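Notes to accompany the following structure.
Only the coordinates and a few stated rules stand behind these numbers; no lab work does. Since this is a predicted model, take the numbers as computed values, not measurements. Reconstructed Cβ throughout: ideal geometry from the backbone, glycine too, with neighbour counts over all protein chains shown.
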Ligand SMILES: Cc1ncc(COP(=O)(O)O)c(C=O)c1O
C-alpha cells in the first residue's frame, strides 16, 4: 500500500502464475508446458537472428509472422493480431472488445486471469456456473451481455466443448463478441477458426506456448474479422509498438512452418495422456475428459491439497486450486513424457498404498 498508488492499483488482485521452481531435477507438471523442446528449425532461426539484426527495432506490424499464421489457418493477414503471449493478446481483447455497459459473461471455473483483466480495465462481469459435471452449457449464456469468453478446452478442467455448441452460441448471440481461447486446442479439441468466415463477432485466440513448445518466447495471436483485429491493433499501438521482438518473430515463424514436428509432438502428448489416464483410473482416480495437455483428477480417499503436498515431497510438482471449493479436491496434472508419467504413477501408488497399510 502506498499513497502514491492510483485507485485501480489499490483494488487489483493480480493473477498468480504457476510456480517456476528454481530447484533442479523436479518432475514439473504444473504449468502445462510441453515436455518436448521446440522444433530444431526454431533453434536454427534463433541462431541466425542472433547473428544478424538486434541493433535494429523489429517490424512493429510483425507482417512476416502474421503472413505465416494467416496461411496456416487459411485466413488473410488482416484477420490476424499477434502479441507477447496470448495473455497480452487477451489483455488487449478485454480492453478493446469486452468492456461495455452490459456484463461480460464467463464460466465460474475457468482461466483465472479473466477476472483480473476485468479489475484492471474496470469491466463489469458475471460468472456462469459450470454444470454439475463441469461442462459449459451454452444455453446459460442466452442473456443480455457485453461479450462472452471461455477457453476451449476449458481450463483447468480440460473438458472440450463440441464445435456444434459453439456454432449454436454464435447463432443466438450476434450482438456482442464471443471469444474462444484455444490455448490448448491442438491436443484433440475441435477448433472454431473455420467459423470466423461466417460469424463476424467471433474472435479465437491461440498461443505458441503449449503445442509449439515456446512458452519462453512469448508469442500468441488472435484471429477474427478485420474490424475486430483493427480494434486490437489500435490498443496495441497505444501501448507498445514492438511486442514481438526479433527473436520471438524468427522463432515463431519457424515454429509455425514446421508442421511435421508440431503434429508429431502433439500426437505424442495425446498418446501419453491416454495411457496416464488409464493408469490413474486403475489407482482409483476420477479423471475428467480432457482435450488438453493436462488432466483434472481427484481421488476419493485423498484431498487435492494432501496429494499435491505429498507429491511435492517427492519432487513432483502439480497444480492445485483451493478455490472455488468445488475444484479443491482436484489436481491439475500437465502431461509430460512417458518416463515422467511413470515416476508420477509410482509415487501415487506408493502414497495410496501407505494409506491402505
Ligand atoms: C486458458 C489459457 N489461456 C491463455 C493462456 C496464456 O498463455 P500464453 O500467455 O503463454 O500464451 C494460458 C496459460 O496457461 C491459459 O491456460
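Stick to Cα atoms and the Kirkwood definition of Rh, then tell me Rg/Rh for the range 8-138.
We get a ratio of 1.03 for the range 8-138.
How long is the gain from residue 322 to residue 67 if the chain were fully straight, where each residue apart is worth 0.36 nm and the alpha carbon distance is subtracted?
Length gained, residue 322 through residue 67: 87.6 nm.
For an R0 of 25 angstrom, estimate the FRET efficiency from the Cβ-Cβ distance between residue 131 and residue 171 and round to the nearest 0.05.
0.75
How much length, in nm to one decimal, is gained on full extension between residue 10 and residue 55, taken as 0.36 nm per residue of separation minus their Cα-Cα distance?
12.3 nm
Nearest 500 deg cm²/dmol is fine: what mean residue ellipticity at 222 nm does the chain get from its DSSP H runs of n ≥ 4 alone, each adding -39,500 (n - 2.57), divided by its residue count?
For the chain, the value works out to -12000 deg cm²/dmol.
Going by C-beta contacts inside 10 Å, put 2, 191 in order with the fewest on the left.
2, 191
Which percent of the Cα-Cα distances in the range 40-259 go past 23 Å?
So the portion of pairs separated by more than 23 Å is 44 percent.
What's the exposure ranking of 203, 228, 195, going from fewest to most Cβ atoms within 10 Å?
195, 228, 203
Of 278, 268, how do they rank once you tally other Cβ atoms within 10 Å and put the fewest first?
278, 268
Starting from 0.36 nm per residue, how many nanometres of slack lie between residue 237 and residue 198 once their C-alpha separation is accounted for?
11.2 nm
With a point put 7 Å past each Cα toward its Cβ, work out how far residue 20 is from residue 227 in nm, to one decimal.
3.9
Using alpha carbons only, how many angstrom separate the centre of the range 194-244 from the centre of the range 1-58?
18
With r as the distance between the Cβ atoms of residue 108 and residue 342 and R0 = 35 Å, compute the FRET efficiency 1/(1 + (r/R0)^6) and round to 0.05.
0.50
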